[in-house]
Amino acid sequence: AAFYHLGDAMGEANFRLAIKTFINEWAYKHPSPYDFMNTCSRIAGEDLSWYFNPWFYETGYPDLAIGKVETGNEKVLVTIVNKGNIPVPVCLLFKYDDGTVVDYKMSSGTWKDSKETVVEIENTGNLTGIELGEENIPDSFPKDNSWKK
């Protein structure tokens, strides 16, 4: 899961380049995990310790939750809280009474500097519910991942 979501955090093109670069630079050698992490950081052009440390060197768990939801005539504001310490992407489904479903995604990079983020979307109808997460995103306590009007 960590490497699957690393591609999301770095961008798919950078992730693929990092894998190829790592394989070419370290072929027939004895790399450590730090060598892979440093290659990824170099290719991404940023220090990715905010991502690697929680996934591999800290004890913790992934846990996102829906906090406050504000619905207005024009906009919907949803506060997403990272209750855990492992950075994972944000995937939201906004459900409307006419059967419309609006999908919204944010990278795991959202959690680089913050434990809370606000998602703002246009209110396109009568919102009936919001679901947070998907099957490929681990969440230790999924009971706080839905909101119903």
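Worth pointing out:
- Checking Val69 against (1) among the β-branched types (Val, Ile, Thr); (2) assigned to a strand (DSSP E or B); (3) closer than 12 Å to Ala9 by Cβ, the condition it does not meet: (3)
- Test: residue in the stretch 60-69 that is more than 18 Å from the chain's Cα centre (by Cα) and touching a residue at least 60 places away in the same chain (Cβ under 8 Å): yes
- As a summary of the residue check, Pro62 satisfies the conditions (1) assigned to a helix (DSSP H, G or I); (2) closer than 16 Å to Ser140 by Cα except for the one numbered (1).
- Residue, surrounded by the fewest Cβ atoms within 10 Å (Cβ to Cβ), within the stretch 7-20, restricted to residues that are touching a Ser or Thr at 6+ places or on another chain (Cβ under 8 Å) and either more than 20 Å from Val90 (Cβ to Cβ) or not small (Gly, Ala, Ser) (or both): Asp8
- On the stretch given as the stretch 21-49, residues that are open to solvent by 40 Å² or more (accessible area, probe 1.4 Å) and within 18 Å of the chain's Cα centre (by Cα) total 3.
- Selection count where residues are open to solvent by less than 60 Å² (accessible area, probe 1.4 Å), touching a Phe, Trp or Tyr at 6+ places or on another chain (Cβ under 7 Å), in contact (Cβ under 8 Å) with a residue 60 or more places away in the chain and closer than 28 Å to Phe52 by Cβ, scope the stretch 109-149: 1
- Number of residues in the stretch 91-108 that are without any contact (Cβ under 8 Å) to a residue 40 or more places away in the chain and under 15 Å from the mean Cα position of the chain (by Cα): the value is 5.
- Of the residues making up the stretch 15-54, those that are among the basic types (Lys, Arg) and farther than 19 Å from Gly109 by Cα are Lys20, Lys29.
- Evaluation of Gly67 against the conditions (1) under 23 Å from Asn136 (Cα atoms); (2) open to solvent by less than 20 Å² (accessible area, probe 1.4 Å) shows that the sole unmet condition is (2).
- Near pairs, Cβ below 8 angstrom, 6+ apart or cross-chain, from the stretch 41-54 (in contact (Cβ under 8 Å) with a residue 60 or more places away in the chain and of a type in the set (A, V, I, L, M, F, W, C)) to any residue that is open to solvent by less than 40 Å² (accessible area, probe 1.4 Å) and in a helix (DSSP H, G or I): Trp50/Trp111
- Condition check for Lys83: modelled with pLDDT under 95, open to solvent by 60 Å² or more (accessible area, probe 1.4 Å) and not hydrophobic (A, V, I, L, M, F, W, C): no
The values are calculated or read from the model by the stated rules, or taken from the named source; none is laboratory data. Note that the coordinates shown come from a computational prediction; the quantities given were computed from them, not determined experimentally. Please note: Cβ atoms are built from the backbone with ideal geometry, for glycine as well, and neighbour counts cover all protein chains shown. Protein only, heavy atoms only, side chains kept; ligands, DNA and RNA dropped before computing areas. Shrake-Rupley method; radii C 1.70, N 1.55, O 1.52, S 1.80 Å.
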